[in-house]
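Read the figures in this text as sums done on the coordinates, not as results from a lab. All figures in this text were calculated on a predicted structure; none of them were measured in a lab. All Cβ positions, glycine included, derive from the backbone under ideal geometry; neighbour counts span all protein chains shown.
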Amino acid sequence: MRFVGILLVVLLTAGAVAMPPLAQIEPGASPGRQEPPVAVCAIEEGSGRTTGLSVLSTIDGPLSLTVFAGGETAGSIGHRTGTNGAVTIPVVDVAAVGTVAGLVEMPIASSAAGVFVSGAETTSAEACASLPDATTFLTGATTASGDTFELHLMNPYAGSALVELTVQSEAGLESNERFDSVLVPPRSSRILDFTDLIPGREQISVLVETVDGRVMTVGRQGASGDSAVWRATSPAQEWLLPIPAGSGQRNLVIATPNNAEVEYQIDFYGPDGLEEGLLTGVLAPRGQAVVDVTSLTARETAVRVVATGPLVATMWQESEEGLSVTTASQVAANRWFLPNAARPEDGTATLVILNTAIDSGAVVVRPLREGAQELRLTVDPDTVTELALADGTGYLVESVGETVVLWTAKRPQSSSAAMGIPIFDG
Amino acid sequence: MASRMTDVSTPTAAESIPKADETPAPTIAILLDLVAGADLQAALAVLSRQVYEPSPKVIIVGPTDNIELDLHDADGVAATMEEAMAEHGSGVDYFWILHSDARPRPDALRALVSEVERNNAALGGSKLLVAGSHDELESVGSATDVFGEPYSGLDRGEIDLQQYDVVREVAFVRSASMLVRRDLAQGLKGLDPLLPPVAAGLDFSQRTRLAGGRVVSVPSSEVYHQGRCEKGQGWREQAGRLRAMLTAYSLLTLLWMVPYEIVVGLLDSIGSLLLGRWRPAARHLVSWAWNLIHLPSTVGQRLRFRNVRSARDEELFRFQAKGSLRLRELGSELSGRVLSVFDDDQALARGTRRLWASPGIWGAAVAGAITLFAVRTIVFSGVPDAGFSFIFEAPNVALDRWLAGWNQSGLGSPATVHPSVGVTGLISWLLLGAEGAARTLMTLAFGFVAIIGMGRLAGLLGLRGPGRYLAGLVLIAGPGVSVLTSRGSWLALAAASLLPWVVRSVLEQGVARRSWASKAGWAVVLALPLAAFSPLALGVPLVAAITWVGLGGRRISAVGLLATLPAVVVALPFLLGDPGWLTDETRRLGLSVELIWPVVVGLAALPIVFFDGLVRRVALLGVVMALGAPILVALPYGGPGVEEALLIAASLGAALVVAAALDRISVSPGCLLASIAGTVIVVLSVAVIADGRLGLRDGDINDRLAFATTLAGPEGPGRILLASTDRADIPGEARPGPGFWYRVVDGASVTSDQAWLPEPLPGDRALDQALSDISTGAELRPGDLLAPFAIDWVLLEGPRFRLDDVLLAQIDLVPTPLDPSSRVYENPGGAALATDGVDNGWHRQGAGFVGEAGSGRVALAINHSSGWQPEAGAIEWWTSVSAADGEALFAGESVNRALAFAALVLLITGFGLVVVGRRA
């Protein structure tokens, strides 16, 4: 019995010690992440300005626009994109509540929305933002020489958002408590008027870091009686920017949010194709550089910015016809939506196409309106082409090779520019 | 007095003094130890009257500077005892060490010499009587405990009626009058000069015994003792006793004796403070301090004694009482104080004195005290509401549910609730509906029921030591139960506390004084609640009985065994309604026994295998359960019910091993190893329950979720969805979701019936799909998707995960900072639990719904079941009923109701058998 006992104790002890515990039961795997087909738009109503919202889609499906203000739904409207896949909604028909945010629920991921703000002497256009990144960056603003600049933080969601702003100008890192822990209540906008906060700054860059919630940010620049709106985007190391022909000042503004030096190279798409390394330089920590494109050529052109660190490239175009600002594109694509792209009643509109492919590419420009004829053209590799736009709701540009597309509108004393929205799904 | 000298029980000179032609009488030297304040001349005069030939020499020992000596009656002076001893050679056979405050009767020396010689002893001590009294006994030799605490066995003021006049071996004799062999005394270097008189006698006696000599008490040698030597020696005596032990014991003994002494000192100090005495605590402190100061000298004593030592410590243990005399006295005094309230004649108090002499009682007292400590938070703050431990529903609702009523857990189910709901409902009902008090009282009782049950079980198996009650602590906080309670399993605690009682009812064949009816009755009455708290734990007694028989144990109680089996009827409705609880391993909590437990259990059990049959058998029974259960629990078979029962069995097994390991305390290596490992198991267990909640997980989920009720509309709160990547964050059972665990609970309160989730029904599957859709991030309005489930609130617990990200970018769940420890979202669009579409105030009441009667139908956001009345219908997965009656009630399957009633009948039958059995 003693021997059996010893054996029992030893074997059971060894068994209990050596026996691996049952594998922990885990919950099921997380499904793949999908972006909801929504877009957040910066809306201006009042003070002589009104906003037209254009929604383009590859299908005929339902959509809705909800305008949020002061924590409430100020107005909402439902539509369909129609057989052309495009619809324009005058926001004034939904809610005329000033500078606010609008949430567009689109029928499918292969959809795009953009706003076109027009006043008596102002015009601005910009694509609406999809789900924003936690950190975005905006550059090219100024409050010098009587120019005005506002930062428009939009939170259409159910929870409050908290952001930290890091503002850099030629004076250095701006220290203002209004930039710290900026609360954006749910279903609300928050507008920071930099003209009052930091007047007289020529080169302003803003890093928007979201601590809690989600916030879409646009900059709204006023200069020469005109205004321009452009989105804050996540910084990247490569940017592509078609630049329309034109008189006046055309600047490429590049800036980095990094607190470290960033080397950059600017390649130029000239008449003879791509000229690499036209300009090189080093951005100081959180620094900004302005490249005068006008001095290179007055024709339509394009630049590619390649850097060793994250930065954002923005085009600033100012002439007698007004001001337009837009952020460059991080990608080239085969399909582009151009919401609102159309000739204004009292002006002109131009499509600028950069062919980044190595071959000549057939490009189809499709106006999304009833009875419109599509245009077919060929763009040589590494070259830029301009095309005049007609009336309509927006355009779809398709190509065999990859392109980058931008459109501009010009009215007497005002102008606008907006990058197209690449379509990858659907 | 003269008559005493001729008493037949007193050896006479004629009997003891050798005749002239025989061996000459031993030569004696009297070492008269000077005592301050004692009359030396009187002492010398008394010595001169001693009837002994050859006349002994008298040496005065001690500082004589301040004394006027008339050395007419003395033969010499020595400064120290050692010096006095060293002066004598082989011409002296014995030294009679005598205090100068002692007055020996004339025949005292003769009697001493005679008995010491006759008993072949090395050291003999006189009977000490209090000088100036009517023969009041002071000492007839003493026993001690392991710490040297003397135990004379005399009552205070006890008169000498020759009741102790038997020569016997004792642990020690007092140094006031002792006769010691000269050669031994010289080898031992006399009395330790640093020690006070009693401690000196103890020290000298112990060293004598360890040197191979016998120590006897010689009652026929009577000495009147003035006691001057002991005045003002309180802490010195205690310190001296400690030094005596430190000098005498082997290092191995000191290894456990010293910590044991410290613990006893602490308990004594605390107990004495409770009795309003501060001195014992101070004495302990001073005594240790004194010994630390004199440690070098003590080490020197040990080294000197090393050469003389010839016996092991066991020789001392033979004359020592078990346990601590100090604690025994303290326990007796404490209980005496309590009992004195209604025990005027102290009869009970005298009874308790005998009671405290049992080591088992001390084990019970310590275990009880620890349990009191372990339930302190529950006493002051109530039972935690976390993990799997929730408040009870009102008794009528709980009994409704148990009697085949609607199971509201999750999105609801016709499957019967856990059987514990019935028992807790019944007990709450018996306590006049005070379900909160019932829960607290039951929880408090579990600890004590477990300790007593374990003590009774181990006692039945033949164990008598302190370990059998201490094992109760291991039962409720040992390897398996501690894992379960850490997850908040209140039911595991309940089942563990009942388990030894049921096992006992199966193994108690040997208890002949109980009738079969009583045995069967008790078995039924105990097994029913066990099966209700942990249905599969009902199999443990059966396994224990088979193992016991297999190990050669005596026959088991067939009546008891057979009577426990029908108790399964109480759990059948639940098991039939939710078989996955038995079989689905994916529903397990993933609990396992920590590695330290099998190691210490193995270490405790291994030496016991070498013990005699009884203790070994108990230990092996424990080993099979304590080590076999963790092996089985690591196998991927069986659901959470199996996991629970195995873990409870593991604790019972460990408790049995501890009971066996601490059954006897001795210094034999095997016993010592078993005791140490057993103590480690107890300490590990106590650490688990030291939180004051019996190891139950802390928290109050109902307090945290109270906002749901506070902010609810007139239709009452709906449901709350809880989600986390850590399963333990979810109260009760959780379901696996897409990358996280989740469940819904009732917004009104999380009650004990919701601990387990019934098998998924269509509504549950729809909720699973909705959560999958939401977690992709593609849903801008997740609140819309959750609304049909009457989910008013979403709580995300633990580290941030996918749902946190996707809920940042949505527009209909409102983040609300109501709970600092989790992320709370309100769903303003959540559907009502019951609605007739025209807002006629339908709401939940008890286990059903009520509202205004009407001609329409009422939609209930619960899984569809045709058991709902009146006129049950389905709207997708919802249930709809006619609003005609103004109430909606659920009637479960009749077989479930019949089984529930059968359990009640069985319980009543059990009680009936107990009553009948007693009368028989």
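Write down the Å³ per residue value for the convex hull defined by the alpha carbon atoms of the range B:698-781.
Values: hull volume 10.0 nm³, N = 84.
Spread over its residues, the Cα hull of the range B:698-781 gives 119 Å³ apiece.
In whole Å, what three semi-axes, largest first, describe the equivalent ellipsoid of the range B:2-231 built from its Cα gyration tensor (square root of 5 times each eigenvalue)? List each step's numbers first, then the result.
Details: eigenvalues 101, 87, 73 Å².
So the equivalent ellipsoid measures 23, 21, 19 Å along its semi-axes.
How much net charge surrounds A:GLY246 when only other residues with a Cβ under 11 Å from its Cβ are counted (Lys, Arg +1; Asp, Glu -1)?
With Lys, Arg at +1 and Asp, Glu at -1, the net is -2.
For B:ALA281, what is the net charge nearby, where nearby means another residue's Cβ is under 13 Å from its Cβ and Lys, Arg count +1, Asp, Glu -1?
Overall, the nearby charge balance is +3.
Output the lone cysteines of the protein assembly as shown: those with no second cysteine's C-beta under 4.7 Å from their C-beta.
Singleton cysteines: B:CYS229, B:CYS671.
Please compute the length gained on full extension between B:SER866 and B:LEU576, using 0.36 nm multiplied by the number of residues separating them and subtracting their Cα-Cα distance.
102.6 nm
Could you work out how far the C-alpha centroid of the range B:626-654 sits from that of the range B:261-305, in angstrom?
What the calculation gives is 45 Å, centre to centre.
Could you check the simple spin-label distance between B:ALA434 and B:GLU876, using points 7 Å along Cα→Cβ, in nm with one decimal?
About 4.7 nm separates the two model spin labels.
Work out the P(r) tail for chain B: percent of alpha carbon pairs separated by more than 42 Å, whole number.
More than 42 Å apart: 51 percent of the Cα pairs in chain B.
May I ask what percent, to the nearest 5, of DSSP beta bridges between residues of the protein assembly as shown are antiparallel?
DSSP beta bridges in the protein assembly as shown are roughly 85 percent antiparallel.
Using a Förster distance of 25 angstrom, determine the FRET efficiency expected from the C-beta separation of A:THR280 and A:SER234, and round it to 0.05.
0.55
Given 0.36 nm per residue, what is the gain on full extension from A:ILE108 to A:ARG2 after removing their alpha carbon distance, in nm?
Gain in length upon complete extension: 30.4 nm.
By how many degrees, between 0 and 90 and to the nearest 10, does the Cα long axis of helix B:467-477 differ from the longest principal axis of chain B?
Between helix and principal axis, roughly 30 degrees.
Based only on other Cβ atoms within 10 Å, what is the fewest-to-most ordering of B:LEU576, B:LEU795, B:LEU44, B:LEU31?
Starting with the residue having the fewest Cβ neighbours, the order is B:LEU576, B:LEU44, B:LEU795, B:LEU31.
Which distance in Å, rounded to a whole number, links the C-alpha centroids of the range B:559-590 and the range B:852-876?
A separation of 32 Å, based on Cα centres.
For the range B:700-885, calculate the relative contact order in percent as a whole number, restricting contacts to Cα pairs under 8 Å that are 6 or more residues apart. Could you put the intermediate results ahead of the total?
Values: 372 pairs, mean separation 34.4, N = 186.
Once divided by the residue count of the range B:700-885, the mean separation gives 18 percent.
Which is farthest toward the positive dipole end of the protein assembly as shown among A:LEU103, B:LEU656, B:THR253, measuring Cα position about the Cα centre, with Cβ charges +1 (Lys, Arg) and -1 (Asp, Glu)?
Checked the options; the winner is B:THR253.
Rounded if a/c is under 1.5, else prolate if a/b is larger than b/c, else oblate: which is the range B:517-660, with a ≥ b ≥ c the root eigenvalues of its Cα gyration tensor? Don't jump to the answer; show the numbers that get you there.
Numbers: a/c = 2.73, a/b = 1.19, b/c = 2.30.
Oblate, because a/c is 1.5 or more while a/b does not exceed b/c.
How far is helix B:347-356 tilted off the main Cα axis of chain B, in degrees rounded to 10, range 0 to 90?
90 degrees
What does the average come to when, for each residue of peptide B:880-891, you count the partner chain Cβ atoms lying within 10 Å of its Cβ?
That works out to 0 on average.
Do any trypsin sites (Lys or Arg not before Pro) in the range A:237-346 lie in a DSSP loop with no more than 15 other beta carbon atoms within 10 Å, and if so, which? Numbers along the way, then the final one.
On the way: sites: A:ARG250, A:ARG286, A:ARG299, A:ARG304, A:ARG335; in loops: A:ARG286, A:ARG299.
Passing both the DSSP loop test and the Cβ count: A:ARG299.
Over the range A:107-207, what lengths in whole Å, largest first, do the semi-axes of the equivalent ellipsoid take, defined as the square roots of 5 times the eigenvalues of the alpha-carbon gyration tensor?
Those come to 25, 19, 13 Å.
I need to check one value: relative contact order of the range B:598-693, counting alpha carbon pairs closer than 8 Å and at least 6 residues apart, in percent.
In percent, rounded to a whole number, it is 37.
Based on alpha-carbon centroids, what's the gap between the range A:1-48 and the range A:79-110 in Å, whole number please?
The two parts, judged by their Cα centres, are 43 Å apart.
What is the average number of partner chain Cβ atoms found within 10 Å of a Cβ in A:155-162?
Across the residues of A:155-162, the mean count of other-chain Cβ atoms within 10 Å is 6.
To the nearest 20 Debye, how big is the dipole of chain A about its Cα centre, given +1 on the beta carbon of each Lys and Arg and -1 on that of each Asp and Glu?
Details: 22 positive and 48 negative charges, 247 e Å.
Using Cβ point charges on Lys, Arg, Asp and Glu, chain A gives about 1180 debye.
To the nearest 20 debye, what charge dipole does the range B:566-723 have about its Cα centre, counting +1 at the Cβ of each Lys and Arg and -1 at the Cβ of each Asp and Glu?
Its charge dipole is roughly 340 debye.
Could you give the C-alpha radius of gyration of the range B:236-297 expressed as a fraction of 2.2 N^0.38 Å, taking N as the number of residues it contains? Please list the in-between numbers first.
Numbers: Rg = 12.2 Å, N = 62, 2.2 N^0.38 = 10.6 Å.
With N residues counted in the range B:236-297, Rg over 2.2 N^0.38 Å equals 1.15.
Which residues does a label at A:GLU202 reach in the range A:214-232, if reach means a backbone N under 20 Å from a point 7 Å past the Cα toward the Cβ?
From the range A:214-232, the list is A:221-225.
Specify which residue in the list B:ILE665, B:TRP878, B:ALA398 is farthest towards the positive end of the charge dipole of chain B, using unit charges on the beta carbon of Lys, Arg (+1) and Asp, Glu (-1), about the Cα centre.
Value: B:ILE665.
For the range A:316-404, state which GluC sites (Glu not before Pro) are in a DSSP loop and have at most 16 other beta carbons lying within 10 Å of their beta carbon.
Working: sites: A:GLU318, A:GLU320, A:GLU321, A:GLU345, A:GLU370, A:GLU374, A:GLU386, A:GLU398, A:GLU402; in loops: A:GLU320, A:GLU321, A:GLU345, A:GLU370, A:GLU374.
Answer in residue order: A:GLU320, A:GLU345, A:GLU370, A:GLU374.
What translational diffusion coefficient, to the nearest whole µm²/s, does the protein assembly as shown have by Stokes-Einstein, given a Kirkwood radius computed over alpha-carbon pairs, a temperature of 20 °C and 1.002 mPa s viscosity?
On the way: Rh = 39.3 Å.
Rounded, D is 55 µm²/s.
For helix A:2-18, what angle does its Cα long axis make with the longest principal axis of chain A, in degrees from 0 to 90 and rounded to 10?
On a 0 to 90 degree scale, this one is about 0.
About the Cα centre of the protein assembly as shown, what is the dipole size in debye to 20, counting +1 per Lys and Arg Cβ and -1 per Asp and Glu Cβ, all else neutral? Don't skip to the answer; put the middle values down first.
Working: 96 positive and 138 negative charges, 1522 e Å.
In total the dipole reaches around 7320 debye.
Averaged over peptide A:45-53, how many Cβ atoms belonging to another chain are found within 10 Å of each residue's Cβ?
0
From Cα pairs below 8 angstrom and at least 6 apart in sequence, can you work out the relative contact order of chain B, rounded to a whole percent?
Result for chain B is 10 percent.
What nm distance separates the two modelled labels at A:ASP93 and B:VAL916, each placed 7 Å from Cα along Cα→Cβ?
Label at A:ASP93, label at B:VAL916, 8.9 nm between them.
In the range B:117-153, which residues have a backbone nitrogen under 19 Å from the label point lying 7 Å from B:SER250's Cα in the Cα-to-Cβ direction?
B:146-148
Which is farthest toward the positive dipole end of the protein assembly as shown among B:ASN120, A:PRO20, B:ALA471, measuring Cα position about the Cα centre, with Cβ charges +1 (Lys, Arg) and -1 (Asp, Glu)?
B:ASN120
Please give the FRET efficiency for B:GLU893 paired with A:VAL331, using the beta carbon to beta carbon distance and R0 = 56 Å, rounded to the nearest 0.05. Show your work: numbers first, answer last.
Details: r = 63 Å, r/R0 = 1.12.
Given R0 = 56 Å and the Cβ-Cβ separation, E is 0.35.
Extending each Cα 7 Å along its Cβ direction at B:LEU711 and A:ASP60, get the distance between those two points in nm, one decimal.
About 4.4 nm separates the two model spin labels.
What percent antiparallel are the DSSP beta bridges of chain B, to the nearest 5?
65 percent
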